[in-house]
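Okay, so here's the structure we're looking at.
Since every read-out is calculated from the coordinates, none of them should be taken as a lab result. Everything quoted here is computed from the prediction, not taken from an experiment. Neighbour counts run over all protein chains shown; Cβ positions are idealised from the backbone, glycine included.
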Amino acid sequence: MTTIEKGDITVKKILDCIAAELAPCFEACGYDRAYAKVTLSNRPDLCEYQCNGAMAAAKAYKKKPIDIAGEVVEKLSGNPVFSEISAVMPGFINIRLDDGYLAEYLRGMEAEKKLGVEETGAGQTIVVDYGGANVAKPLHVGHLRSAIIGESIKRIGRFLGYNMVGDVHLGDWGLQMGLIIEELRDRKPELPYFDGTVRDTYPEEAPFTIGELEDIYPAASKKSKEDEAFKNRAQEATFKLQSGYAPFRAIWKHIMDVSLADLKKNYGNLGVTFDLWKGESDAQPYIPGLIQDLQDKGLAYESEGALVVDIGEETDSKELPPCIIRKSDGAALYATSDLGTIIEREKELSPSKYIYITDKRQELHFIQVFRVAKKAGYVKADTDMVHLMFGTMNGKDGKPFKTREGGIMRLEDLIAEINEAVYARIMENRTVSEEEAKKTAGVIGLAALKYGDLSNQASKDYIFDMERFISFEGNTGPYILYTIVRIKSILSKYQEMTGKSLEDEKEGEILPASSDGEKALMLQLTKYNEVIEACFGETAPHKICQFIYELSDVFNKFYNSVMILKEEDARRQGSYIRLISLTKKVLETCIDLLGFEAPERM
Ligand code: ARG
């Protein structure tokens, strides 16, 4: 029997523990131990786990699967890990865990710092490129998904021990800068930036507030669509800025300062933080050398006035266009900036993996960038480059989400709308003060928004359905929070009643399950380490959502079937308490990995 030791030894994954019991039996019967692979049962009515190894072995050993299964099961009889193990037609091995073993497993899990999750990432750096806001343009819901998904991936990786470096990679070097400069000239021509002289110093203080800046950009953008001359001026100004013209650099610096403060606040409200606040502008110093190098290596060539690199590979099912490195007018390009950024990241961080998170319309862009980076040897051949693409957040009409007036929804407004709806719901059954309700609404609103997003497979489009997202029932963020709050309340009542402190309560321990509902809860908890690892490997936070939704469900069923606080057997009660605190720890860790937290009450 695999013993689970407390202390510094990591609790193995439950499926591996079971397989470790089966493997020697396969071997003893003359079969390769690799056949002892165990999965969760797909017939929970019949068993908890199953091994299909006999079916695979049958082909290799030219025997009937049921005979192989029978032999292995025979060897396993009397094994204390299992309460039931049987060979069934055509050759499955059906397994149920022994209650005592399961309790022991959970006690081992409880004793671990990370409840059995192994820090497999130690010593490896991963760059997560997410957020991607464009400076001076308001954050809109399109940037929301990148921020939410990226933050979660970063947190999960960090939990697994990786050195995760989150970089916001701002769009801070594009035409919006020229548009703002020219609009500013039209509004305030007297400013020292516009008199044609190049000075050594410029005013410290920005010639606009964030409020004005938010007005300047949309006005300029609108003007450029109607006024060709203005548009040309803006392009010219962008080019001058990019060539280092000091007065425009000075305006750019003001735009950056004012916007960054605002962006930090907005991301902060979302519980999103970055280690690096770099942007496209930071890549610019690398670009001349990059272009030269691509030419020297014979990878870049002139095509219709532009400089391009072929990226096609034999295995491509359709022909992919070359990556444009420099346009005929010499202007900076998105792909070139990304390549420059890679060179900088390699120099400063040398990561073993890159994860970029943008919507799926950027698919070709990242194929091009990744291929050029590998072809030119900027990134090692075995460095993993992942583009996690997400779908669109749609409104109930199935079209990209808009405001009621049909405009682009600003992030701030969206958050305010959700918080208000949650607030109204809390006030319906008004058990807390208005002030507390406001604060709680913010916490629940964020959970509703993030869970609503993360619970969908990232690559799929999803419908932003506020009513559903804020519901306290069903597969929603508030439902998870509600479950946590419920556990918190039982625990504090228990503490009040018994005066026992939960943290250092030594007497109680998790006992073998006393009902099916309790066992279901215990079995669900054992999936924890497996889920976290799989979810990171597949960059799929929705798997955590699925797991905690199921966990909340089995917990609530268990809760409704027992009287925890009225239990008279103190050992049994202590066991319940330990089990539900373990459930709480798992839920709390998972929501932290998703990027939100639970209130004290709701
Ligand atoms: N600023 C870009 C946008 O709004 C996203 C940046 C994504 N990251 C990157 N390294 N290209 O579309």
Over 29 Å between C-alpha atoms is what I'm after, so list which of 438/584; 37/360; 278/488 land there.
37/360; 278/488
Which of 570, 102, 198 sits farthest toward the positive end of the charge dipole of the chain, with +1 on the Cβ of Lys and Arg and -1 on the Cβ of Asp and Glu?
102
For helix 99-111, what angle does its Cα long axis make with the longest principal axis of the chain, in degrees from 0 to 90 and rounded to 10?
40 degrees
When only C-alpha pairs under 8 Å and at least 6 residues apart count, what is the relative contact order of the range 455-595, in percent?
33 percent
Three-way shape call for the range 72-125 based on the alpha-carbon gyration tensor, with the a/c threshold at 1.5:
oblate
Built amide H within the under 5 Å cut-off of residue 83, gap 5+
96, 97, 98
To check you understand DSSP bridge types, tell me what percent of the beta bridges within the chain (both residues inside) are antiparallel, rounded to 5.
50 percent
If you fit an axis through the alpha-carbon atoms of helix 141-159 and take the longest principal axis of the Cα set of the chain, what angle between them do you get, 0 to 90°, nearest 10?
50 degrees
Length gained, residue 431-residue 389, 0.36 nm per residue minus C-alpha separation, equals 10.9 nm
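Tell me, what is the FRET efficiency for residue 538 and residue 113 to the nearest 0.05, using R0 = 22 angstrom and their Cβ-Cβ distance as r?
Working: r = 25 Å, r/R0 = 1.11.
Computed FRET efficiency for residue 538 and residue 113 comes out at 0.35.
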How much net charge surrounds residue 134 when only the other residues with a Cβ under 10 Å from the Cβ of residue 134 are counted, with Lys and Arg +1 and Asp and Glu -1?
-1
Volume in Å³ per residue [convex hull over Cα atoms, computed for the range 9-59]:
84 Å³
Within the range 58-94: backbone nitrogen closer than 17 Å to the residue 27 label point (7 Å, Cα to C-beta):
72-73, 75-76
Exposure proxy check: 201, 392, 315 ranked by fewest other beta carbons within 10 Å?
315, 201, 392
Listing 141, 135 from the residue with the fewest other Cβ atoms within 10 Å to the one with the most, what is the order?
141, 135
Trypsin sites (Lys or Arg not before Pro) within the range 530-586, DSSP loop, no more than 15 other Cβ atoms inside 10 Å:
566
Using Cβ counts within 10 Å as a stand-in for footprinting exposure, how do 497, 427 rank, fewest first?
497, 427
Shape of the range 544-602, Cα gyration tensor, a/c cut at 1.5
prolate
Charged-residue dipole, Cβ positions (Lys, Arg, Asp, Glu), the chain about Cα centre, Debye nearest 20:
700 debye
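Could you tell me whether the range 165-223 comes out rounded, prolate or oblate from its Cα gyration tensor? Rule is a ≥ b ≥ c as square roots of the eigenvalues, rounded for a/c under 1.5, then prolate if a/b exceeds b/c, otherwise oblate.
The shape class here is oblate.
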Cα-Cα pairs in the chain separated by more than 36 Å, as a whole percent of all pairs, come to 50 percent
